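Below you'll find the structure, written out as structure tokens, and then a few comments.
The values are calculated or read from the model by the stated rules, or taken from the named source; none is laboratory data. Fair warning: this is a prediction, and the values are worked out from it, not measured in the lab. Neighbour counts run over all protein chains shown; Cβ positions are idealised from the backbone, glycine included. Remember, those area values only see protein heavy atoms, side chains included, never the ligands or the DNA or RNA. Shrake-Rupley method; radii C 1.70, N 1.55, O 1.52, S 1.80 Å.
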Amino acid sequence: MMVKDQKSDCSCALAQPPSRRNLLLKVGAGLNGIAAALIGVPLLGYVLSSFTRNSPKSWISLGPLDRFPQGETRLAVYRNPDSKPWDGDTAEAPCWVRRIDSETFQVFAINCTHLGCPVRWFQESRLFMCPCHGGAFYEDGSHSSGPPPRGLFEYQHKIESGELKVLGGHLPTLAEPL
């Protein structure tokens, strides 16, 4: 009678160490997973932030009414309520304030409606002028000449307790006007 070798089902046999190829494959897959997480988490946060982020709008004082003489246009600056401590000077939002009479004001965004360059007020010609492409606006903010497609953006404002206040927290663009 022939005796066959019987393999033992015993698990006490020593396991072979993993091959170099399998080890490098596992390390590479792990590093790729880490890289995907490092890129994917901020990217996902950026995409989802537009659904959850509400810009804080609030009434911000531009100063007392006597700071803005009747019949004149003055530059005023306020701190954007949506700013962070590391924003520095970029958190300061300038605007043009025009006082028509004792209780009537217009508050314009400083940005040209063409490409967003800051417009300047010229008292002599009573025009807002854009230095970038020659856009011009009348003193009431309406379009005068040049490439801008519309007049200046005008902020919502109110008079409260002897101060002029502007609704801050939104910087206007053509896509999202005030």
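Taking the alpha carbon gyration tensor of segment 21-113, multiplying each eigenvalue by 5 and rooting it gives semi-axes of 52, 12, 11 Å, largest first.
Ranking 147, 34, 170 by Cα position along the charge dipole of the chain, where only Lys, Arg, Asp and Glu carry charges on their C-beta atoms, puts 34 farthest toward the positive end.
Residues in segment 72-113 average 48 Å² of solvent-accessible surface per residue, probe 1.4 Å, ligands and nucleic acids excluded.
Sorting 77-87, 143-153, 22-32 by their mean Cβ neighbour count within 10 Å, with the most densely packed peptide first, gives 143-153, 77-87, 22-32.
Computed from the C-beta positions of residue 126 and residue 102 and an R0 of 25 Å, the FRET efficiency is 0.80 to the nearest 0.05. Within the set [x] 1.16; [y] 0.94; [z] 1.51, the number that Rg/Rh (Cα atoms, Kirkwood Rh) takes when calculated for this structure is listed as [z]. One quarter of the surface of the convex hull around the alpha-carbon atoms of segment 84-160 equals 6.5 nm², the direction-averaged projected area. Helix 20-52 and the long axis of the chain differ in direction by around 30°, with both axes built from C-alpha atoms. For segment 53-174, a crude dipole built from +1 on the beta carbon of Lys and Arg and -1 on the beta carbon of Asp and Glu, taken about the Cα centre, is about 300 debye to the nearest 20. Ranked by the mean number of other Cβ atoms within 10 Å of their residues, highest first, the peptides 60-68, 35-43 fall in the order 60-68, 35-43.
The loop-placed GluC sites (Glu not before Pro) in segment 112-178, going by DSSP, that have at most 10 neighbouring Cβ atoms within 10 Å of their Cβ come out as 124.
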